Protein chains: 2
Amino acid sequence: MAEKEFNLNYFFYPSSVAVIGASKNPNKIGGIIINNLVKSGYKGKIYPVNIKCGEEYNEIAGLKCYKTILDIPDTVDTAVIVVPARFVPDVVEDCGKKGIKSLIIISSGFAETGKEGKKLQDKVIEIAKKHGIRIIGPNTLGIVNTNHNLNLWFGMPIRLKGKISFISQSGAIADGLFGVAQDEGIGFNIVVSLGNRADVDEADLMLYLKDDSFTRVIGIYLEGLPPGAGRRFLEALKETSTVKPVVVLKGGRSIAGSRATLSHTASMAGSYEVYVSAIKQFDGIPVESMEEFLDTLKAFVYIDRYKSTQKRIAIITNSGGLGILAADAAESLGLSIPEFPRSVQEEIMKVIPPFGNPMNPVDITAQGTPEDQYKMYSEVFKIVNDPSLVDGIIVIVEGSYPYELMKAIKDALVKEIAPNRRLPVIVCWFGALSDIRDLVKDVEKSGLPVYMYPERAVKVMKNILY
Amino acid sequence: MAEKEFNLNYFFYPSSVAVIGASKNPNKIGGIIINNLVKSGYKGKIYPVNIKCGEEYNEIAGLKCYKTILDIPDTVDTAVIVVPARFVPDVVEDCGKKGIKSLIIISSGFAETGKEGKKLQDKVIEIAKKHGIRIIGPNTLGIVNTNHNLNLWFGMPIRLKGKISFISQSGAIADGLFGVAQDEGIGFNIVVSLGNRADVDEADLMLYLKDDSFTRVIGIYLEGLPPGAGRRFLEALKETSTVKPVVVLKGGRSIAGSRATLSHTASMAGSYEVYVSAIKQFDGIPVESMEEFLDTLKAFVYIDRYKSTQKRIAIITNSGGLGILAADAAESLGLSIPEFPRSVQEEIMKVIPPFGNPMNPVDITAQGTPEDQYKMYSEVFKIVNDPSLVDGIIVIVEGSYPYELMKAIKDALVKEIAPNRRLPVIVCWFGALSDIRDLVKDVEKSGLPVYMYPERAVKVMKNILY
């Protein structure tokens, strides 16, 4: 176990990386990988390796290159392999001789292609085991560690650092999610595309990320587990979940979907219901869609899970309609929106207009000056910010205009609500957020995650309570 | 009936508008309304009216103003009323004398506040009826008709024109939706906030918008209908749905939500299940969330409804994982992802790599040059673009990098798929869309709506098939 973790550290914090199959062509896999790594600002040594080096050319991406891994004069912590599948066994053998303990095999053409490929993969693993090498892949898009400026990724360049780490059985999903997240201002820390998962798996990585201080929350996209691997997965899930939240998106719950997982990552999808109830039982957080997955990961950057048996939610809104939609979504997901006791309602009525609604959802209405709105949001929050009354609070803001009014509401969120909250607080801000990007950013900086749609905020709240 | 429609035309295509209660203060309702109207580029005449005019000042928003509506020397088609509730009966009386037939009453303080307010509202309606006046409101945020540059809206200035018309029982929801839609590049045509719905209602407006040539799709946010109004609503829904799609989001399905509708718009929510099945039966399209509402409205800007009993969907994807998630979502919503017959699979295998998947979802993989990707998307589409095989096609694209590759896929969508489609086609493009905004715009211009998340694309497909 100790050795395992030692090796995983080499993957994510290497002092030197070789790219075997690096290419001068920026559109080839070996070109994208070496360029992404160079551009990522990685501070360690980089060694491009290509069989043509020393003959046709002597450098790749501006770096001296080598014909084989054995020609590199220094030690190498990690190697990325992008050569065609049939050459991989020999390359791994050479890496073993070189003393490299961590290999990322991007090359495809292994178990995902059928029996012959599976044989080749088994051979690679056998060689690796002999040398004590750990492997991520094959058929992976690679790994990323933004806090080490390490981008060994065959896909989009990663621009945003963050506190979310992501383990994905699908490389493309991780690649796409970087993009979607980047558009929403969400960054990642460590990301691993597992590919065929011939060696390093979710359990290894969960336990590693559990102790990674840059990771606040772990996301897993899972299509299936190999026979017999379920127990190890669930035990690692339980152990990791005691330290940080683990959010799991399970693909392949449908007939067509599970038919496709077999071809996609050579894994049996298994019964979706069995997976979901096991994930819950072992303290993981299952989600139903990619959107809910990212929304929930984002929330845990700001908020911790919150123990609650009753799952009572208070909704504070300046729009009656949005309050109603949020309440509808909440009840349909098993949350409760309790009508407040008369005494609480009376307190609330002292600070909202007579045509407002104190029952819950609390409709403070859109009436009044910016100062009035500041006061109403703050005062109503003060009244419902009470663990004996509810277990979570959703604050809804409609609008993006006029700016002064929106700024006043932002101030209430940042100055009065965020610092005084005794419960999980999630914000739904419904409007032209591009007009008030700065305000939304300030709210998130203060520790309150913001979502555009009420139903999305509610789903996240459901996932925070357990 | 004929007279009714005549009056509604005055609302949306007036040659002259008076704002009664217009204010020099740009932060007051009467100031926002007059400024929004002036800035909207409205080409008709605008008459600000304020009791202080002629005494304290002579102009508002740069326009000559009048003490009362009766002081305006010309005819007035429509008046917007923003004076305090207690003055409204007299103002409506004056409007009747002036011969105005269309009033938008923004002022609140009527039925939504209780019994006394209801009495005042009844009085206003009685006066209006006497003069043959139609009323939108009271307690409304106003109306918008972007193709007439008419912005009588107490909220954000509307910037984007479009083909979606929206009837909302909640003004704030309409206001927020403008903003959300604007951020996604979606515009509106006619928008009406019904407020307390004392006179003009959903049925009136559906039948009016049915014949409005600028409207391709109608969205309705509904909290409830007054007793006895159900039949009229459903008959108008059925009649309108023969001409264009009507998408309905119903608020108040939960206990807390229906408790809140009573306070919010003085309406009984009624049984959600009864509503939804009635809406379906009368050919409307019920949706479950605000996000699905806007996504579906956007689709109908580009696509017509498609009759299908079997609801068989083909999925073409360059990411196996996203194909699986789409298939999962599709089956959970009652769509079917049929495994293609052997002959079709064989045809597909001729154009995709051996480790691709031809079963459906069709995983063309991310392999190859931009030209290869162009060819694979186009050729696979040609094979499955067959009404005897499926009833709709979802094309999934993962990625936003490198640009040349993305451009090639865009070209396949625009040049090969859009012009040749015989079925509804929806695109899921999962990545950093801000990096390829121009490509996504081109795809939508070609008639294919684009969504970021696979599950959202699937929900929209479900709503297009009937």
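Using a 10 Å cut-off on Cβ to Cβ distances, tally the other chain neighbours for every residue of A:180-187 and report the average as a whole number. Walk me through the numbers on the way to the answer.
Details: counts 8, 1, 6, 7, 2, 0, 0, 0.
That works out to 3 on average.
In peptide A:357-369, what is the residue-averaged number of other protein chain Cβ atoms found within 10 Å of each Cβ? Let's see the in-between values first.
Values: counts 5, 1, 5, 3, 6, 1, 4, 0, 4, 6, 2, 0, 2.
Counting Cβ atoms of other protein chains within 10 Å of each residue's Cβ and averaging gives 3.
Taking the Cα atoms of the range B:159-302 alone, what are Rg (to one decimal) and Dmax (as a whole number) in Å?
Using the Cα atoms of the range B:159-302, the pair Rg, Dmax is 14.0, 40 Å.
Quick one: with label points 7 Å out along Cα→Cβ, list the inter-copy distances for B:D304 in nm, shortest first?
5.9
What Kirkwood Rh does the range B:309-362 have if only Cα atoms enter the pairwise 1/r average? Answer in Å.
Numbers: mean 1/r = 0.0868 Å⁻¹.
Roughly 11.5 Å, rounded to one decimal.
In chain A, which cysteines lack any other cysteine Cβ under 4.7 Å from their own?
Lacking a cysteine Cβ partner under 4.7 Å: A:C95, A:C428.
Per residue of A:247-255, count partner chain C-beta atoms within 10 Å of its C-beta, then hand back the mean as an integer. Please report the intermediate quantities before stating the final value.
Details: counts 0, 0, 3, 3, 9, 5, 7, 12, 7.
Rounded to a whole number, the mean comes out at 5.
Starting from the alpha-carbon convex hull of the range B:116-197, give the projected area averaged over all orientations, in nm². Please list the in-between numbers first.
On the way: hull surface 22.8 nm².
Mean projected area for the range B:116-197: 5.7 nm², to one decimal.
Filter the DSSP H helices in chain B by two things, a Kyte-Doolittle mean of at least 0.5 and an axial alpha-carbon span of 24 angstrom or more, and list the hits by number. Show your work: numbers first, answer last.
Details: long enough: B:115-131 (25 Å, -1.31).
Within chain B not a single helix satisfies the rule.
Using DSSP, restrict attention to beta bridges with both residues in the protein assembly as shown and report what percent are antiparallel, rounded to the nearest 5. Each step should come with its number before you reach the end.
Working: 20 of 126 bridges.
Close to 15 percent.
For the rotation taking B to A, I'd like to know which residue in chain B has the C-beta closest to the axis, plus that distance in Å.
Whole-Å result, nearest residue of chain B to the axis: B:E291, 4.
Would you please report the Å³ per residue occupied by the convex hull of the alpha carbon atoms in the protein assembly as shown?
On the way: hull volume 148.4 nm³, N = 932.
Hull volume normalised by residue count: 159 Å³.
Using the alpha carbon gyration tensor of the range A:354-419, what are the three equivalent-ellipsoid semi-axes (square root of 5 times each eigenvalue), largest first, in whole Å?
Values: eigenvalues 80, 41, 18 Å².
Values for the range A:354-419, descending: 20, 14, 10 Å.
Can you give the charge dipole size of the range B:3-136 about its Cα centre, rounded to the nearest 20 debye, using +1 on the beta carbon of Lys and Arg and -1 on the beta carbon of Asp and Glu? List each step's numbers first, then the result.
Details: 20 positive and 15 negative charges, 32 e Å.
Its charge dipole is roughly 160 debye.
When a/c is below 1.5 the answer is rounded, else prolate if a/b is larger than b/c, else oblate, so apply that to the range B:313-464 with a ≥ b ≥ c taken from the square roots of the Cα gyration tensor eigenvalues. Walk me through the intermediate numbers first.
Numbers: a/c = 1.44, a/b = 1.15, b/c = 1.26.
Rounded is the answer for the range B:313-464, as its axis ratio a/c remains below 1.5.
Residue farthest toward the positive end of the dipole of chain B, with Cβ of Lys/Arg at +1 and Asp/Glu at -1: which of B:G31, B:A314, B:I279?
B:G31
Enumerate the lysines that A:K52 could reach by cross-link, defined here as Cα to Cα under 17 Å, with residues fewer than 8 away along the same chain left out.
In chain and number order, the partners are A:K24, A:K28, A:K64, A:K67.
Report the dimensions of the range A:53-126 along its three principal axes from the alpha-carbon atoms, largest first, rounded to Å.
39, 25, 16
Over all directions, the average projected area of the alpha-carbon convex hull for the range B:222-338 comes to how many nm²?
Computed as one quarter of the Cα hull surface, the answer is 9.0 nm².
Measuring from the lowest to the highest alpha carbon on each principal axis, how far does chain A reach, largest first, in angstroms?
In descending order, the Cα extents are 83, 45, 38 Å.
How large is the translational diffusion coefficient of the range A:3-136 in µm² per second when you combine the Kirkwood radius over alpha carbon pairs with Stokes-Einstein at 10 °C and 1.306 mPa s? Intermediate results must be reported in sequence, preceding the final value.
Numbers: Rh = 14.9 Å.
Here the translational diffusion coefficient equals 107 µm²/s.
Could you list, in their original order, any pairs among B:K39/B:K445; A:K307/A:K415; A:K101/A:K129 whose Cα atoms are separated by more than 18 Å? Write out the running numbers ahead of the final one.
Details: B:K39/B:K445 28 Å; A:K307/A:K415 26 Å; A:K101/A:K129 10 Å.
Violating the 18 Å Cα-Cα cut-off are B:K39/B:K445; A:K307/A:K415.
Rg to Rh ratio, the range A:84-225, alpha-carbon atoms and Kirkwood radius? Intermediate results must be reported in sequence, preceding the final value.
Values: Rg = 15.2 Å, Rh = 15.5 Å.
Taking Rg over the Kirkwood Rh, I get 0.98.
Report, for A:Q281, each distance to the same residue's label point in the other copies, shortest first and in nm; define the point 7 Å along Cα→Cβ.
4.3
Which of the aspartates and glutamates could a cross-linker span from A:K123 if the Cα-Cα distance has to be under 17 Å and same-chain partners fewer than 8 positions apart are dropped?
Reachable aspartates and glutamates: A:D90, A:E93, A:D94, A:E112, A:D199.
Along each of the three principal axes of the Cα atoms of the range A:213-289, give the extent in whole Å, ordering the values from largest to smallest.
Here the spans come out as 37, 24, 19 Å, largest first.
Just give me a number: lysine pairs in the range A:159-302, eight or more positions apart or cross-chain, with C-alpha atoms less than 12 Å apart. Intermediate values should be presented prior to the final figure.
Numbers: A:K163/A:K244; A:K163/A:K298; A:K210/A:K238; A:K210/A:K244; A:K238/A:K280.
For the range A:159-302, the number of qualifying lysine pairs is 5.
Distances from B:Y466 to the same position in the other copies: list them in nm, one decimal, shortest first, using label points 7 Å from Cα along Cα→Cβ.
Those label-point separations list as 4.5 nm.
Cut-off is 10 Å between beta-carbons; in what order do A:M349, B:M452 appear when sorted fewest neighbours first?
On the way: A:M349 13, B:M452 21.
Ranking A:M349, B:M452 by Cβ neighbours within 10 Å, fewest first, gives A:M349, B:M452.
Coordinate-derived values only; no laboratory data. In this text, all values refer to a predicted model and were calculated from it rather than measured experimentally. Heads up, the Cβs are rebuilt from the backbone with ideal geometry, glycines too, and the neighbour counts pull from every protein chain shown.
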